[in-house]
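One structure below.
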Amino acid sequence: MYKFDDIASMNMEELTELVTSRGLPKFRAKQLFSWIHKELSDSYDEMTNLPKKMREDLAAEFPLRTLKRVDSRKSSDGSTEKFVFELSDGHVIESVLMKYHHGNSVCVSSQVGCRMGCRFCASTLTGLARNLLPSEILSQVYHIQKASGERVSNVVIMGTGEPLDNFDGLVRFVELLTDENGLNISERNITMSTCGLVPEIRKLADLKPQFTLAISLHAPDDEARKRIMPIANKYTISEVIGAADYYFEKTGRRVSYEYSLIAGENDTREQALKLVNLLKGKNCHVNLIPVNPIKERNYSHTGAEGVAAFKNILEKNGITATVRREMGADINAACGQLRKDYMDRKEEERERLFSQS
Ligand code: SAH
């Protein structure tokens, strides 16, 4: 009946169906939606304009899941804060708040872990536990907005997880985040990053979303890409770019390509020129990211000079490129590393307790 039987993941239509099926008037759905998605309430007790009986019944049947902050770290310049949250079932996820001149941006996780296996990424080291519910992706934004006391204006779906591996969850998340009765964040202020699941990119394009699609390319030829991204064994670069072109065709939104520069893997002059060949003439943007080394792997990032040279080759050939600004460098642990560290610490604690008993 409902796409998600979790109440905070339901859209207005499903909520309306839910309340009317219980003999309650329609407007109760709107009130409920507003409590959850505008007032960012995570307890029925706060929903004082709803009848007590209704609240009690809902609490029994549809408990509201809450995020518990178990760790956070703020950069010394205050621009970046990383959060580790515990979900109702004990899993942990990571989110990041970034403060820019143009507003506050939150980077959310879409899954608990990830099964894509990119070699340089910390989020995939322990594999995939499960998809996040739309409400669990939303709660990261809600919690951070409440904690900071400032409006969140931009959302990037670039935390742990492959969003297109949680397709329905992603689509519902965006629907609720942009709902005018909720936080009403403009779809144009949302960016979703994918390692390049070709059929899902095409399926998404058919829905004609207005958010920015970012493709994690990271290499200009299939051989080099296969060395760092297992997904490259499934889809070729030309299929991935074909799907990105289709997204542009359907949505009119300029696609971003992410390219994490790894010393000796994908950062040579020849590789920059190959990238030019792939993207020349396209309405796109390249985001260069000096790879953030993780302790579990032996990668190092391209130095500042190498990054500038790579960027220069792209720009000389008419491809716009930026180098991702380093924010809060002192806490700039690689994506998913804070979550991983937290999980390792917990594991050590458990082992200690176990050996004592
Ligand atoms: N699964 C999605 C989104 C998550 S990661 C995807 O693959 O796009 C967001 C971006 O950070 C991706 O481009 C990813 O490849 C990149 N990334 C992950 N770990 C990194 C690291 N250690 N250094 C640099 N970039 C990294």
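Numerical summary
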| quantity | calculated |
| --- | --- |
| Kirkwood hydrodynamic radius over Cα pairs of the chain, then Stokes diffusion coefficient at 37 °C and 0.692 mPa s, in µm²/s | 152 µm²/s |
| Dipole magnitude of the chain about its Cα centre (Cβ charges: Lys, Arg +1; Asp, Glu -1), debye to nearest 20 | 520 debye |
| Residue pairs, from the table LYS226/LYS311; LYS82/LYS295; LYS3/LYS346, whose Cα atoms sit over 25 Å apart | LYS3/LYS346 |
| Cα long-axis angle, helix 134-148 against the chain (0 to 90 degrees, to the nearest 10) | 90 degrees |
| With at most 15 other Cβ atoms within 10 Å, longest stretch of the chain clear of loop GluC sites (Glu not before Pro) (DSSP) | 181-295 |
| Contact order normalised by residue count of the chain, Cα under 8 Å, 6+ apart, percent | 14 percent |
| Heavy-atom accessible area ranking, 1.4 Å probe, most first, across HIS285, HIS301, HIS101, HIS143 | HIS101, HIS301, HIS143, HIS285 |
| Set of aspartates and glutamates near LYS203 by C-alpha distance (under 20 Å), chain-local residues within fewer than 8 positions excluded | GLU162, ASP165, ASP168, GLU175, GLU187, GLU239, ASP245, GLU249 |
| Nearest-ten-degree value, helix 237-251 long axis tilted from longest Cα axis of the chain | 50 degrees |
| The chain - percent of accessible surface contributed by carbon and sulfur, probe 1.4 Å | 48 percent |
| Of LYS68/LYS146; LYS280/LYS316; LYS38/LYS208; LYS26/LYS68, those spanning more than 21 Å from alpha-carbon to alpha-carbon | LYS38/LYS208; LYS26/LYS68 |
| Where region 1-135 is the region considered: accessible area per residue in Å², 1.4 Å probe | 47 Å² |
| ³J(HN,Hα) computed for each position of region 163-173 - Karplus, 6.51 cos²θ - 1.76 cosθ + 1.60, integer Hz, glycine/proline x | x, 7, 7, 10, 4, 5, x, 5, 4, 5, 4 |
| In degrees, nearest ten, helix 337-356 long axis to first principal axis of the chain (Cα) | 70 degrees |
| Average accessible area per residue (Å²) across region 214-340 - probe 1.4 Å, nucleic acids and ligands excluded | 46 Å² |
| Phi-based couplings in Hz for region 79-86 (Karplus 6.51, -1.76, 1.60; Gly and Pro marked x) | 7, 9, 9, 9, 10, 10, 10, 9 |
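The values are calculated or read from the model by the stated rules, or taken from the named source; none is laboratory data. Remember, it's a predicted structure, so these values are computed and weren't measured experimentally. Cβ sites come from the backbone with ideal geometry, for glycine too, and all protein chains shown count toward neighbours. Surface accessibility is based on the protein's heavy atoms, side chains included, excluding ligands, DNA and RNA. Shrake-Rupley method; radii C 1.70, N 1.55, O 1.52, S 1.80 Å.
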